[in-house]
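**Student:** Sharing a structure below in structure tokens format, with a few things to ask.
The values are calculated or read from the model by the stated rules, or taken from the named source; none is laboratory data. Computed from a prediction, not measured in an experiment: that's the story for all the values here. Reconstructed Cβ throughout: ideal geometry from the backbone, glycine too, with neighbour counts over all protein chains shown.
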Amino acid sequence: MSSTSTVPNDFRDKVVLVTGAGSGIGREAARSFAARGALVYCADINDRGLAETQSLITKASGKVQIAHTDVSVEEEVSSLLSRIDKEAGRLDVAFNNAGITGGAHRIEEYPMDDFDKVLRVNLKSVFLCMKYELPLLKRGGGGAICNTASVAAITGPGGMCAYAASKHAVLGLTRVAAMENAAHKVRVNALVPGWTDTPMVRAESAQNPAFAKHGLSAIPAKRGGQPSEVAAAAVWLCSSEASYVMGQMIVVDGGMTI
Ligand code: NAI
């Protein structure tokens, strides 16, 4: 067996971008990347959430920068990546994770504006982020991208047509990006979370208690996941330990889709 000087899971000297880092899974991933030595750029539209993430990472002696960025707007994504290039001079890892659920309606009643918004925030954003991240990753000799999908990318949850369509498409984008960039040493994979206890799910449950009761009872583990349990898979996918994993998804769902 050949020896290696690479410390598994070590992000020292790496520059990492996390979107949706002001809350939930994104915040936990940002904390974990920073704890492993990365300089983490945290992007979100939630300024208060970003400030909290920054404070948590700083208190733990981590390196962090925050950036108010709407990831569904091309100019904002482009200027975020220009800023990272200018300040840090490189990008090694990107966790494209920002997302929204949208309302719950059957297809016949789904409002067009809501459909467009969910597709913009969940799907167009992943395309835009990769469009501007890939040149930086390739220029640095390679790296890793993880895109957040959902169990709704591999199932058909009634009432969530826009969300499910956007997340199915995130898997498609991920596979194309992996195929196009494997030879450039950029690995692209997807995280597929199940029910995870974040503000997104808490807001949904508050509006619709039946959603929480029914949803949780359908999970073999009989509990929701913690954001840190889910973020850990994204961090691993972006680590050197996953160096031969490309175009795949990791489902972290307490057995929901068994
Ligand atoms: P969250 O609501 O706690 O965090 C999502 C973050 O994305 C928020 O801080 C929000 O401000 C940000 N965001 C929303 N729109 C944005 C935009 N246009 N530009 C920049 N930032 C924006 O939710 P959570 O649960 O941490 O979700 C993270 C990802 O995980 C999402 O893509 C979600 O679809 C996915 N997911 C979550 C599950 C769960 O049970 N919590 C299950 C499956 C997937």
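**Student:** Residue pairs, Cβ under 7 Å, 6 or more apart or interchain, first in region 1-24 and within 16 Å of the ligand (Cβ to nearest atom) and small (Gly, Ala, Ser), second part of a loop (DSSP other than H, G, I, E, B) and at pLDDT 95 or above. List them.
**Tutor:** Note: pairs meeting the criteria are 20/97; 20/98; 20/99; 22/46; 23/46; 23/198; 24/198.
**Student:** Need the failing condition index for residue 241 against (1) surrounded by fewer than 22 Cβ atoms within 10 Å (Cβ to Cβ); (2) within 11 Å of the ligand (Cβ to nearest atom); (3) among the charged types (D, E, K, R), just the number.
**Tutor:** The single condition residue 241 does not satisfy is (2).
**Student:** Determine the pairs where a residue that is closer than 17 Å to residue 159 by Cα, located within region 212-228, has a partner that is assigned to a loop (DSSP other than H, G, I, E, B) with Cβ atoms under 6 Å apart, the partner being 6 or more residues away or on another chain.
**Tutor:** 215/195
**Student:** Just for region 102-142: of the residues that are in contact (Cβ under 8 Å) with a residue 60 or more places away in the chain and either under 20 Å from the mean Cα position of the chain (by Cα) or within 14 Å of residue 168 (Cα to Cα) (or both), which one is surrounded by the most Cβ atoms within 10 Å (Cβ to Cβ)? Walk me through it before giving the result.
**Tutor:** Just the residues of region 102-142 that are in contact (Cβ under 8 Å) with a residue 60 or more places away in the chain, to begin with: 102, 104, 125, 129, 133.
Within this subset, residues satisfying the condition of being either under 20 Å from the mean Cα position of the chain (by Cα) or within 14 Å of residue 168 (Cα to Cα) (or both) are 102, 125, 129, 133.
On the way: 102: 22, 125: 28, 129: 26, 133: 24.
My answer is 125.
**Student:** From the set of residues in region 158-199 that are of a type in the set (Lys, Arg) and not in a helix (DSSP H, G or I), which is farthest from the ligand (Cβ to nearest atom)? Before you say what the answer is, go through the steps one by one.
**Tutor:** Initial filter on region 158-199 (of a type in the set (Lys, Arg)): 167, 175, 185, 187.
Add one more test, that the residue is not in a helix (DSSP H, G or I), and what stays is 185, 187.
Numbers: 185: 26, 187: 20 Å.
Out of the qualifying residues, it is 185.
**Student:** Tally the residues that are within 16 Å of the ligand (Cβ to nearest atom) and closer than 23 Å to residue 195 by Cβ, restricting the search to region 86-114. Can you show your working first?
**Tutor:** Of all residues in region 86-114, those within 16 Å of the ligand (Cβ to nearest atom) come to 94-104, 113-114.
Restricting the remaining residues to those that are closer than 23 Å to residue 195 by Cβ gives 95-104, 114.
Of the residues in that region, 11 qualify.
**Student:** Could you check how many residues of region 190-211 are within 23 Å of residue 171 (Cα to Cα) and either free of Cβ contacts under 8 Å to residues at least 60 places away in the same chain or touching a Phe, Trp or Tyr at 6+ places or on another chain (Cβ under 9 Å) (or both)? Quick ask: steps written out before the conclusion?
**Tutor:** Here is the first cut: in region 190-211, the residues within 23 Å of residue 171 (Cα to Cα) are 190-198, 200-201.
Now narrow it down to the ones that are either free of Cβ contacts under 8 Å to residues at least 60 places away in the same chain or touching a Phe, Trp or Tyr at 6+ places or on another chain (Cβ under 9 Å) (or both): 191, 197, 201.
Number satisfying all stated conditions: 3.
**Student:** Against the definition (acidic (Asp, Glu), over 25 Å from residue 236 (Cβ atoms) and surrounded by fewer than 21 Cβ atoms within 10 Å (Cβ to Cβ)), how does residue 52 come out, yes or no? Break it down into steps so the answer makes sense when it comes.
**Tutor:** Working: acidic (Asp, Glu): yes; over 25 Å from residue 236 (Cβ atoms): no; surrounded by fewer than 21 Cβ atoms within 10 Å (Cβ to Cβ): yes.
Considered against the rule, which asks whether it is acidic (Asp, Glu), over 25 Å from residue 236 (Cβ atoms) and surrounded by fewer than 21 Cβ atoms within 10 Å (Cβ to Cβ), residue 52 comes out as no.
**Student:** Filter region 150-179 down to the residues that are buried (at least 23 other Cβ atoms within 10 Å of the Cβ) and more than 13 Å from residue 101 (Cα to Cα) and list them by number.
**Tutor:** Within region 150-179, 170, 174, 177 meet the criteria.
**Student:** Just checking, how many residues over region 200-239 are part of a helix (DSSP H, G or I) and modelled with pLDDT of 95 or more? Before you say what the answer is, go through the steps one by one.
**Tutor:** Applying the first criterion (part of a helix (DSSP H, G or I)) to region 200-239 yields 200-207, 209-217, 227-237.
Pick out the ones that are also modelled with pLDDT of 95 or more and you get 227-237.
So the count comes out to 11.
**Student:** Assess whether residue 183 counts as being surrounded by fewer than 23 Cβ atoms within 10 Å (Cβ to Cβ), modelled with pLDDT under 95 and small (Gly, Ala, Ser). Please lay out each step first, then the result.
**Tutor:** Working: surrounded by fewer than 23 Cβ atoms within 10 Å (Cβ to Cβ): yes; modelled with pLDDT under 95: no; small (Gly, Ala, Ser): yes.
So residue 183 does not fit the description; no.
**Student:** Taking residue 34 as the residue in question, decide whether it is over 15 Å from the mean Cα position of the chain (by Cα), in a strand (DSSP E or B) and aliphatic (A, V, I, L, M).
**Tutor:** Numbers: over 15 Å from the mean Cα position of the chain (by Cα): yes; in a strand (DSSP E or B): no; aliphatic (A, V, I, L, M): yes.
It is false that residue 34 is over 15 Å from the mean Cα position of the chain (by Cα), in a strand (DSSP E or B) and aliphatic (A, V, I, L, M).
**Student:** For a quick check of your reading of the model, give me the residue pairs whose first member lies in region 156-181 and is closer than 25 Å to residue 238 by Cβ, whose second is part of a helix (DSSP H, G or I) and of a type in the set (Lys, Arg), with beta-carbon atoms closer than 8 Å and at least 6 apart or on different chains.
**Tutor:** 181/138
**Student:** Would you please list the contacts, defined by Cβ atoms under 8 Å and residues six or more apart or on different chains, that run from a residue in region 243-258 that is touching a residue at least 40 places away in the same chain (Cβ under 8 Å) to a residue that is of a type in the set (D, E, K, R) and crowded, with 20+ Cβ neighbours inside 10 Å?
**Tutor:** Every condition considered, the pairs that remain are 243/187; 245/187; 246/187.
**Student:** Within region 77-131, can you find the residues that are over 20 Å from residue 22 (Cβ atoms) and basic (Lys, Arg)?
**Tutor:** Once the filter is applied, which keeps residues that are over 20 Å from residue 22 (Cβ atoms) and basic (Lys, Arg), region 77-131 yields 86, 90, 106, 131.
**Student:** Still on this structure, please answer the following. Could you pull out the residue among 48, 83 that is within 13 Å of the ligand (Cβ to nearest atom) and in a helix (DSSP H, G or I)? I'd like the intermediate steps shown before the answer.
**Tutor:** Values: 83 fails: within 13 Å of the ligand (Cβ to nearest atom).
That would be 48, the only listed residue that is within 13 Å of the ligand (Cβ to nearest atom) and in a helix (DSSP H, G or I).
**Student:** Please go through region 146-157 and pick out each residue that is within 15 Å of the chain's Cα centre (by Cα) and either within 10 Å of the ligand (Cβ to nearest atom) or farther than 20 Å from residue 227 by Cβ (or both).
**Tutor:** Of all residues in region 146-157, those within 15 Å of the chain's Cα centre (by Cα) come to 146-153.
Scanning region 146-157 gives 147, 148, 149, 150, 151, 152, 153.
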